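Undergrad: Sharing a structure with you now.
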Amino acid sequence: MSDNFFRFHDLFAQLGLPNSDEAIAAFIGRHRPLSNDMLLADAPFWDESQAQFIREKKLDDSPEWTQLIDQLSEALRETSDARNSLGFCRVLALSGSLRHSSFNTALAHAAQVMAPHGMVIEVATLHGVPLYDADLETSEGIPAAVLKLKAQILEADALLMVTPEYNNGVPGVFKNGIDWLSRADMKAIFAKRPTGMIGASMGGFGTLSSQAAWLPTLKMLGVTLYSGNSVLVSRAQNAFDAQGELTDESSRKNLNAYLAGFNEFVQLIKIAKLKSR
Ligand SMILES: Cc1cc2nc3c(=O)[nH]c(=O)nc-3n(C[C@H](O)[C@H](O)[C@H](O)COP(=O)(O)O)c2cc1C
């Protein structure tokens, strides 16, 4: 996909479309998935001349264009290859609260529902992770719940930490989970991993202090932190309804803007990675 992507520049230019890396990634994200029953030239997003160009090149069977057109078609379909391609990103949203009716887990679910086109968010929690104990690690190795989280993070393109705030700082449960993960393979799990942080608290500053308190740890882990927007859901008891739905309009607006920016951030990192291969 990497070489193809760069050659998409020529195809996009021919189609009269913006052809920067960002524009191509955004185009693919916006228009996928394209039904497998539909020919690329019949897709509703082309104007007449673009559709005609695609049909003509396919008919000519000119290898240069046919290959690119087929590759663009593949990138727009819902296949596992396409899922790994640009225009699509997977995010693991990890809630730092174990509470059944946790506002932070509810915030992670709100993000899942509001994820922009091209972004899929899976929600995970820290249930089953024991307290870190070096003796336990020596005798039994990394616990199963930690290994499961490790696999989920490695599967994803990005990590979204959803943090509560305890006593103006990082909640012990969450820090404990991250500490275990750092023992499971800090470099593979965290180094250069696109990472976002959002949070909800019952106080008036909506996890401002805990998000700040996370920074030294995130630096140590070596994540690539998204800092374009903030989601600080304050007075969380008033921001969610009884079903855990985020109903506060300004929080929804912030989350929406955050996810749009985070999506672009993750896509750009994917592009940079492909370029460096
Ligand atoms: C030990 C403890 C300390 C807390 N400290 C803060 C705090 O510093 N700031 C704040 O806004 N809320 C604080 N809270 C309230 C939390 O915001 C509230 O319990 C919230 O529901 C926790 O997130 P959760 O709903 O995802 O579990 C604290 C709660 C506990 C249990």
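Nothing in this text is a laboratory measurement; each read-out follows from the coordinates by a stated rule. Note that this is a predicted model, so its numbers are computed, not measured. Note: ideal-geometry Cβ built from the backbone for every residue, glycine included; neighbour counts use all protein chains shown.
Undergrad: What is the total of Lys pairs in region 89-276 with C-alpha atoms under 13 Å apart, excluding same-chain pairs fewer than 8 positions apart?
TA: Working: Lys150/Lys187; Lys187/Lys219; Lys192/Lys219; Lys192/Lys270; Lys192/Lys273.
Taking the Cα cut-off of 13 Å, the pair count is 5.
Undergrad: For the chain, with equal point scatterers placed on the C-alpha atoms only and solvent neglected, what are the log10 I(q)/I(0) values from the Debye formula at q = 0.09, 0.12, 0.13, 0.15 1/Å, to two decimals?
TA: -0.49, -0.79, -0.88, -1.06
Undergrad: Okay, next question. With 10 angstrom as the radius, rank Phe262, Phe205 by how many other C-beta atoms surround their C-beta, starting from the fewest.
TA: Numbers: Phe262 27, Phe205 14.
Taking fewest neighbouring Cβ atoms as first place, the list is Phe205, Phe262.
Undergrad: Which FRET efficiency value, to the nearest 0.05, is calculated for Ala212 and Thr66 with the Förster distance at 51 angstrom and r the Cβ-Cβ distance? Intermediate values should be presented prior to the final figure.
TA: Working: r = 53 Å, r/R0 = 1.05.
According to the calculation, E is roughly 0.45.
Undergrad: At 0.890 mPa s and 25 °C, plugging the Kirkwood radius over alpha-carbon pairs of region 210-277 into Stokes-Einstein gives what diffusion coefficient in µm²/s? Could the numbers behind the result be given before it?
TA: Numbers: Rh = 14.2 Å.
Estimated via Stokes-Einstein, D reaches 172 µm²/s.
Undergrad: Return the long-range amide H neighbours of Arg77 (sequence gap of 5 or more, or a different chain), with a cut-off of under 5 Å between placed amide H atoms.
TA: Under 5 Å from the amide H of Arg77: Leu34.
Undergrad: Where Rh denotes the Kirkwood radius from the mean inverse Cα pair distance, what is Rg over Rh for region 116-275? Before the final figure, lay out the partial values.
TA: Values: Rg = 16.2 Å, Rh = 16.7 Å.
A ratio of 0.97.
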